[in-house]
Amino acid sequence: MPDKVRKFIYEMQYNFVILHHHQSNGFMENISPSSINSLMNLIEGASRPVIVTHMKPDGDAIGSSLAMYHFLRMSGKNDSCIVLNDRYPRYLEFLIDEGARKAIRIHSENADEAIEAIRLSDLIICLDFNAFHRTENLCQALAGSTAPKILIDHHLNPDAECFTLCFSVTKVSSASELLYHILMAAPTIKGNASDLPSEAADALMTGMTTDTNNFGNSVFPSTLKMASELLDAGIDRYRILDYLYNHHSENRLRLMGHMMKDLLTITDDGVAYIVLDRNTQDAYGIEDGDTEGFVNMPLSIEDVRMSILIKEDSDRLRVSVRSKRGTSANRCARMYFNGGGHENAAGGRLRIPEDIASVKEAGKYIETHTHRYFNQDNPDNEE
């Protein structure tokens with residue numbers, strides 16, 4: 001099929017999909033030809049764009065951020081940079097070339113440099129979070145900046161009023177997938193994935209793969225379309241999978257065994273939970289990202305319908321919640337863990353001492369509140 005015909009068909013299909021999203025979901029601002037034009041105009045007018053994502057960045061956060069960075073570089077924005085609250089996980093190092101490495105500012109390592117980058121920016125692109133507080137220490141600088149702000153995110157309930165332009169679509173697998181569809185509609189790409197920078201293509205596939213647990217959850221027809229087009233464009237998915245799943249430390253595997261053998265508890269309500277305190281993390285030399293995916297494992301047990309991982313982190317407990325179809329991880333996280341997310345994958349936190357006295361009380365907290373969730377509140381039987 002000639003390229004011109006293929007691009008025309010893609011654009012027609014794309015505009016139809018966006019119109020359908022707009023009519024069925026009522027987003028405040030959606031992907032549309034006018035929104036794409038607004039995005040490109042904002043990028044064209046910027047000289048120092050900054051990319052920001054959520055604290056404790058995961059594969060989708062880093063994947064979408066790097067993809068946008070390489071697209072900006074392709075667009076002539078050589079002073080672009082990525083500002084992170086925390087260092088990216090070690091398992092994502094393979095995505096970061098020398099140019100990107102020099103463009104990353106990390107608040108936990110150099111707070112002044114990170115905040116200054118935001119202060120000097122004339123365009124802020126926010127990826128994979130729906131509200132400034134999800135960036136933790138970057139929140140105040142973002143809220144105080146007068147630069148135009150663009151949101152590209154797939155979570156529920158975005159703070160749309162905080163952004164100049166808001167791409168908020170929940171019926172996609174990941175921020176990386178959403179960004180892929182946006183970039184495919186850009187005038188410089190026009191539906192041809194082969195025209196994406198190769199680094200961006202790898203980053204987008206990585207972000208989507210990690211957020212779907214390698215196509216295990218939150219997969220839509222558009223997700224498979226994205227994967228097919230990227231494969232057709234020549235990306236090496238086997239290389240990506242090798243780095244994601246075959247480059248872990250020995251300590252990570254030993255911790256996994258310890259968690260599943262000694263720390264896993266399953267309640268009569270079908271809730272599996274693990275509490276990982278700081279002493280255990282230190283004993284195994286665990287770094288950020290090393291426990292990625294652990295919370296999904298108990299869901300392979302037949303009678304488990306929800307899995308919760310609590311990880312001690314300074315003055316708070318970080319909470320990951322996953323569930324099988326028919327059980328809302330998002331609602332449980334919102335009700336009891338100061339969080340939220342997607343229907344079957346959510347997160348939150350418990351503050352010490354406001355919510356819970358110490359990590360030692362975490363197991364009791366989970367059992368009490370999930371029992372109430374499934375029995376007294378019984379929310380999943382309401383719909």
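Each value in this text was obtained by applying a stated rule to the coordinates, not by laboratory testing. Only a predicted model underlies this, so the values are computations on that prediction, with no experimental measurement involved. For neighbour counting, all protein chains shown are included, and Cβ atoms are generated from backbone atoms with ideal geometry for every residue, glycine included.
Things to note:
- For the chain, the fraction of alpha-carbon pairs in successive 10 Å shells from zero, as %: 5, 23, 33, 25, 12, 2, 0
- Ordering of 282-289, 183-190 by packing [mean C-beta count within 10 Å, highest first]: 183-190, 282-289
- Take the convex hull of the alpha carbons in the range 161-258; its mean projected area over all directions comes to 8.5 nm².
- The calculated P(r) of the range 229-383, using every Cα pair and 5 Å bins from 0, goes 2, 9, 18, 20, 18, 14, 9, 6, 4, 1, 0 in percent.
- Relative contact order of the range 56-131, defined on C-alpha pairs under 8 angstrom at six or more residues apart (%): 34
- Residue-averaged [θ]222 nm for the chain, counting only DSSP H segments that reach four residues, each worth -39500 (n - 2.57): -12000 deg cm²/dmol
- The packing ranking, built from the mean of other Cβ atoms within 10 Å per residue, places the peptides 45-55, 89-99 in the order 45-55, 89-99, highest first.
- The relative contact order of the range 250-381, computed from alpha carbon pairs under 8 Å that lie at least 6 residues apart in sequence, is 19 percent.
- Pairs beyond 29 Å (Cα-Cα), from Lys225/Lys261; Lys102/Lys324; Lys56/Lys102; Lys261/Lys360; Lys225/Lys324: Lys225/Lys261; Lys102/Lys324
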